[in-house]
Amino acid sequence: MTELLFQMVAPLIIALAAVWGMAKRVDVYGALVQGAGEGLGVLIRIVPAMVGLMTAVYMLRASGALEAVGGLLGPLLTRLGIPPETVGLLLVRPVSGNAALGVGSELIATYGPDSTVGRTAAVMLGSTETTFYTIAVYFGAAGVRKTRYAVPAALCADVAAFLAAAWAVRVVFG
Amino acid sequence: MEKHLREGGTYPVPVPHRVGGKGVEKMAMSLIWTGMVVISVVYGLLAGNGTAVAAAAVEGAAGAVELCITMAGVMCLWMGVMEVMKRCGLAEKLSRLLRPLLGRLYPDFRRDGETMDAISANVSANLLGLGNAATPLGIQAARRMAKKTPGVASDSLCMLVVCNTASIQLLPTTVAAVRQSAGCATPFDILPAVWLASAVSVGVGILAARVMARLWRVRR
């Protein structure tokens with residue numbers, strides 16, 4: 001039952017939003033089309049960044065360097081329950097969201113969206129943010145130079161997310 | 001839309017100081033990108049994978065456009081659905097629900113209505129994945145907090161930043177679009193795992209901030 005519910009999440013949310021919008025006398029269809037149009041704009045803006053980053057990610061993968069790093073850190077990651085294939089994602093995630101999306105989608109495409117590696121990569125992407133970018137934007141805007149413990153605390157949350165992602169995939173998908 | 005997709009984008013709130021987000025990010029990205037490409041070429045040559053690197057160098061660009069195109073439909077659809085929810089007033093409703101809970105997290109600003117409004121609106125936008133709305137609201141709160149302690153991050157400001165570096169998005173639509181474009185029939189079946197991981201991450205972040213606040217006192 002719960003499994004069916006999670007499979008039906010997408011249509012349920014869409015239907016719910018539509019009915020609620022009608023009840024609130026919102027121009028449902030107009031809003032949907034406007035939002036979708038904005039989505040297209042966002043996509044067009046990320047294409048150039050993705051072209052650059054996917055080129056670098058594909059090259060790095062083909063060179064064997066990623067595998068080498070995975071091999072080096074592999075024993076440690078395996079011990080922590082993290083699939084060593086995700087090493088590139090771990091390294092790039094806090095620094096660049098677009099690069100992480102590039103690495104993650106490459107992992108998902110290579111290993112398959114329903115493989116353990118693919119699922120772990122997806123959960124890692126979904127449960128973390130671009131930490132350093134966010135810190136730079138917030139403290140930059142607030143004019144703060146002494147950031148005290150913000151960076152180490154935020155990195156604690158990132159490490160926790162990576163560990164928890166691997167663990168959650170094991171728990172949920174067995 | 002997730003925050004990470006707007007890197008280097010423009011914000012409605014001007015950034016007044018040199019300690020800037022965009023400049024730092026741009027320089028860091030140039031370094032990272034150059035590093036990735038150079039390591040690939042050098043390591044590829046040394047490991048005898050030169051031909052593979054050469055092939056990959058032109059495959060990546062095509063792959064990127066392909067990914068964006070296969071993702072486009074689902075992503076636009078979710079942006080549309082989120083717009084409908086936004087116009088229903090979902091964000092405001094959620095924000096009001098969260099307000100008492102958040103007061104505990106920011107005891108110094110519990111009585112500062114405007115700051116608490118900005119914080120709860122920021123959290124509710126983050127939960128709904130409305131990154132474009134979340135960042136300006138968060139920055140507004142950050143600036144009000146920084147007024148009290150100019151130049152130095154107070155405990156509340158650290159908490160705000162840590163909470164924003166952890167992802168609490170309820171529906172990771174971009175990831176779902178990537179999975180769907182890779183041929184996944186049930187892209188949202190990772191939801192329970194994502195919620196678990198997000199909850200652990202935010203919990204650890206808040207705990208770490210609380211503990212470090214005791215160890216890392218401001219010297220006067």
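The numbers here are math on the coordinates, done by the rules we state, and not lab data. In this text the structure is predicted, and so the values were computed from the model without any measurement. Here the Cβ positions follow ideal geometry from the backbone for every residue, glycine too, while neighbour counts run over all protein chains shown.
Numerical summary
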| read-out | value |
| --- | --- |
| Signed unit charges on C-beta, dipole axis of the stretch A:48-173, positive-most listed residue A:Gly112, A:Ala154, A:Ala166 | A:Ala154 |
| Descending principal axes extents, the protein assembly as shown, alpha-carbon based, whole Å | 64, 57, 39 |
| Size of charge dipole - the stretch A:48-173 - debye, nearest 20, with Cβ of Lys, Arg +1 and Asp, Glu -1, no other charges | 420 |
| Sequence-separation-based contact order of chain A, relative, with Cα cut under 8 Å and 6+ spacing, percent | 18 |
| Per-residue [θ]222 nm for chain A (sum of -39500 (n - 2.57) over DSSP H runs n ≥ 4, rounded to 500) | -27000 deg cm²/dmol |
| Calculated from backbone phi, Karplus (6.51, -1.76, 1.60) coupling profile of the stretch B:51-58 in Hz, x at Gly/Pro | 5, 5, 5, 4, 5, 5, 4, 9 |
| Charge-dipole axis of the protein assembly as shown as Lys and Arg at +1 and Asp and Glu at -1 on Cβ define it, positive-most pick from B:Val194, B:Ser40, A:Gly70 | B:Val194 |
| Of A:Ala31, A:Ala150, A:Ala68, the one that fluctuates the most in a GNM where chain A has Cα springs shorter than 10 Å | A:Ala31 |
| In nm, spacing of pseudo-spin labels at A:Glu3 and B:Leu101 (7 Å Cα→C-beta vector) | 3.0 |
| Positive-end extreme of charge dipole, the protein assembly as shown - chosen from B:Leu67, B:Asn164, A:Ala17 (charges on Cβ) | B:Asn164 |
| Chain A: DSSP helices with Cα axial extent of at least 18 Å and average Kyte-Doolittle hydropathy no lower than 0.5 | A:9-23, A:28-63, A:65-80, A:97-111, A:150-173 |
| Whether the stretch A:39-174 is rounded, prolate or oblate, judged on the alpha carbon gyration tensor where a/c under 1.5 counts as rounded | oblate |
| The stretch B:3-215: relative contact order in percent, alpha carbon pairs under 8 Å with at least 6 residues between | 18 |
| Euclidean distance between Cα centres, the stretch A:1-36 to the stretch B:96-166, Å | 29 |
| Karplus (6.51, -1.76, 1.60) ³J(HN,Hα), θ = phi - 60°, over the stretch B:140-145, in Hz, Gly and Pro reported as x | 4, 5, 4, 5, 5, 5 |
| Cα-based Rg / Dmax (Å) for chain B | 20.8, 65 |
| Three-way shape label, the stretch B:53-119, alpha-carbon gyration tensor, a/c 1.5 | oblate |
| Magnitude of the charge dipole, chain B, Cβ model with Lys/Arg +1 and Asp/Glu -1, debye to 20 | 1280 |
